[in-house]
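**Student:** I have a structure here, written as structure tokens, and I will follow up with some questions on it.
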Amino acid sequence: MPYGVQVRNTATHDRGAWASLVTKTRERVGMNKSELARRLGIDRTTIIRWESGKSRPEDPTVVEAFAQLFGLDADEVLTAAGLRTGSPSSGRSTSDPPLDPDLVIIMRRLNDPLTPDAERATLRATLRYLAELADQAERGRGRAAG
């Protein structure tokens, strides 16, 4: 294993979640395949095989590094890679979609110690405002249905 990663061929229906997750997450943050490969310490052709659905990782440490790089839940990413059948410790259903990549970016900014306090405060205030709008919309739908 020249890059410390084993890959296996899998049925097409099993590969789709991982391929889609890698592609969408990478593209959403504007990272190219070479940069992702470099950050994970693997070959660029491995990323190409993952995104095309031809293979997926067998090494959970690479998948966990991917999750950490993008601020994703490791259990969900391991499940998408086919390395875990469920995620009881995550508190979320495995059928839940992955976190929106825009939210991943926001979460990374909030958790980054180099992010200025003023920016963190603005992000938190904006998120609270959006959550309040969503709650109001939900309550409005509840009254309309009732």
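The values are calculated or read from the model by the stated rules, or taken from the named source; none is laboratory data. Nothing here was measured: the structure is a model prediction, and the numbers come from that model. Note that each Cβ is placed from the backbone with ideal geometry, even for glycine, and that neighbours are counted across all protein chains shown. Just the protein is used for accessible areas: all its heavy atoms, side chains included, with ligands, DNA and RNA removed. Shrake-Rupley method; radii C 1.70, N 1.55, O 1.52, S 1.80 Å.
**Student:** Of the residues in the stretch 11-22, how many are open to solvent by 30 Å² or more (accessible area, probe 1.4 Å) and either more than 25 Å from Arg84 (Cα to Cα) or modelled with pLDDT of 90 or more (or both)?
**Tutor:** Matching residues across the stretch 11-22 total 1.
**Student:** Separate question: Between Phe66, Phe70, which is open to solvent by less than 20 Å² (accessible area, probe 1.4 Å) and at pLDDT below 90?
**Tutor:** Phe70
**Student:** Filter the stretch 64-86 down to the residues that are in contact (Cβ under 8 Å) with a residue 60 or more places away in the chain and of a type in the set (A, V, I, L, M) and list them by number.
**Tutor:** Residues satisfying the conditions are Ala80, Ala81.
**Student:** Filter the stretch 37-57 down to the residues that are touching a helix residue (DSSP H, G or I) at 6+ places or on another chain (Cβ under 6 Å), part of a helix (DSSP H, G or I) and either without any contact (Cβ under 8 Å) to a residue 24 or more places away in the chain or hydroxyl-bearing (Ser, Thr, Tyr) (or both) and list them by number.
**Tutor:** Ala37, Arg44
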